[in-house]
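Before any comments, here is the structure.
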Amino acid sequence: MPELPEVEALSAFLSQRLTGRVIARVQPVAISALKTYDPPVTALEGRTVGSVTRHGKFLDIEAGGLHLVVHLARAGWLRWKDRLPAEPPRPGPRNPLALRVRLAGEAGDGFDLTEAGTRKGLAVHVVADPEEVPGVAGLGPDPLDPGFTLDRFAALLRGDRRRLKGVLRDQGVLAGVGNAYSDEVLHAARMSPYKQASALSGEETARLYEALGGTLREAVERSRGLAAGELKAEKKLGLRVHGRTGQPCPVCGDTVREVSFVDSSLQYCPTCQTGGRPLADRRLSRLLK
Ligand SMILES: [Zn+2]
């Protein structure tokens with residue numbers, strides 16, 4: 001799933017290619033991806049793209065006063081095409097295409113939104129104001145915003161009795177951090193994912209704040225200038241614990257472990273994060289009781 005750094009890079013990539021261009025055709029293929037119907041997606045046709053920005057993990061393409069707001073979800077992606085096929089896109093079981101946007105001009109360039117797998121979550125909205133999208137309206141502060149200070153971060157954690165892993169990826173607390181970067185941030189901070197947010201000392205809060213900004217900025221820096229098609233591989237290369245179960249921790253050499261957490265799983269290094277002790281798999285221990 002693309003998170004803040006990938007969506008940031010994607011918005012920069014698209015900003016270069018789309019700003020000032022006229023949208024010629026918008027062709028929805030997977031109707032289930034469309035979350036708004038008034039105005040219709042075709043209302044974007046003939047409008048000039050003014051800007052491409054990001055809200056958390058949402059991509060926002062503004063064109064002539066309307067916003068195409070896209071959430072790529074778990075398996076969605078954007079594929080840029082220098083030349084789109086002339087024939088209209090057709091839905092089918094082997095075609096992961098959800099929406100096609102063709103730009104005006106001789107080149108026939110544009111992009112496809114695709115989504116693999118059977119669990120569909122890709123969401124496309126056409127709105128006059130991005131705040132009309134509930135997921136955008138409910139976003140917490142952006143960790144890369146210059147106004148996101150240590151004090152603001154400390155205020156977010158204060159009184160939150162949930163585990164850090166759950167708090168960091170809650171979009172209402174922080175915009176843009178998901179399953180992968182919450183694992184990475186906790187590893188960089190040398191903290192247990194099970195630690196309670198409200199139990200952090202002042203020193204620990206500052207360490208987590210530094211790890212949060214540092215990890216995200218580093219990932220954004222690595223992704224900068226990459227084409228849309230290269231971002232997924234780059235994200236994978238930069239991860240130290242997430243998705244690396246059984247492999248050595250690049251910091252200490254201990255084996256990266258995995259434990260289930262709510263609807264997914266998390267990865268961590270016992271030596272770096274939990275005093276060398278493996279975390280109990282709560283789902284598993286509940287089953288054994
Ligand atoms: Zn380690």
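The values are calculated or read from the model by the stated rules, or taken from the named source; none is laboratory data. All figures in this text were calculated on a predicted structure; none of them were measured in a lab. As a convention, Cβ positions derive from the backbone with ideal geometry for all residues, glycine included, and neighbour counts pool all protein chains shown. Ligands, DNA and RNA are stripped out before the accessible areas are found, and what is left, the full protein with its side chains, is counted by its heavy atoms. Shrake-Rupley method; radii C 1.70, N 1.55, O 1.52, S 1.80 Å.
Data table
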quantity: Restricting segment 270-281 to residues that are closer than 17 Å to N179 by Cβ and either more than 16 Å from the ligand (Cβ to nearest atom) or hydrophobic (A, V, I, L, M, F, W, C) (or both), the residue that is modelled with the lowest pLDDT; calculated: D281
quantity: Selection count where residues are assigned to a loop (DSSP other than H, G, I, E, B), away from the ligand (no atom under 16 Å from the Cβ) and surrounded by fewer than 23 Cβ atoms within 10 Å (Cβ to Cβ), scope segment 177-190; calculated: 1
quantity: Qualifying residue in segment 260-269 (condition: within 16 Å of the ligand (Cβ to nearest atom) and among the small types (G, A, S)); calculated: no
quantity: Boolean, L284 is in a helix (DSSP H, G or I), modelled with pLDDT under 95 and closer than 30 Å to R79 by Cβ; calculated: no
quantity: Of the criteria (1) in the same structural domain as L216 (by TED's automatic domain parsing); (2) assigned to a loop (DSSP other than H, G, I, E, B); (3) modelled with pLDDT under 95, which one V241 fails; calculated: (3)
quantity: Wholly within segment 66-176, strands (runs of 3 or more DSSP E) carrying at least 2 residues that are closer than 30 Å to Y209 by Cβ and open to solvent by less than 60 Å² (accessible area, probe 1.4 Å); calculated: 66-71
quantity: Selection count, segment 217-259, where residues are more than 15 Å from the ligand (Cβ to nearest atom) and touching a Pro at 6+ places or on another chain (Cβ under 6 Å); calculated: 3
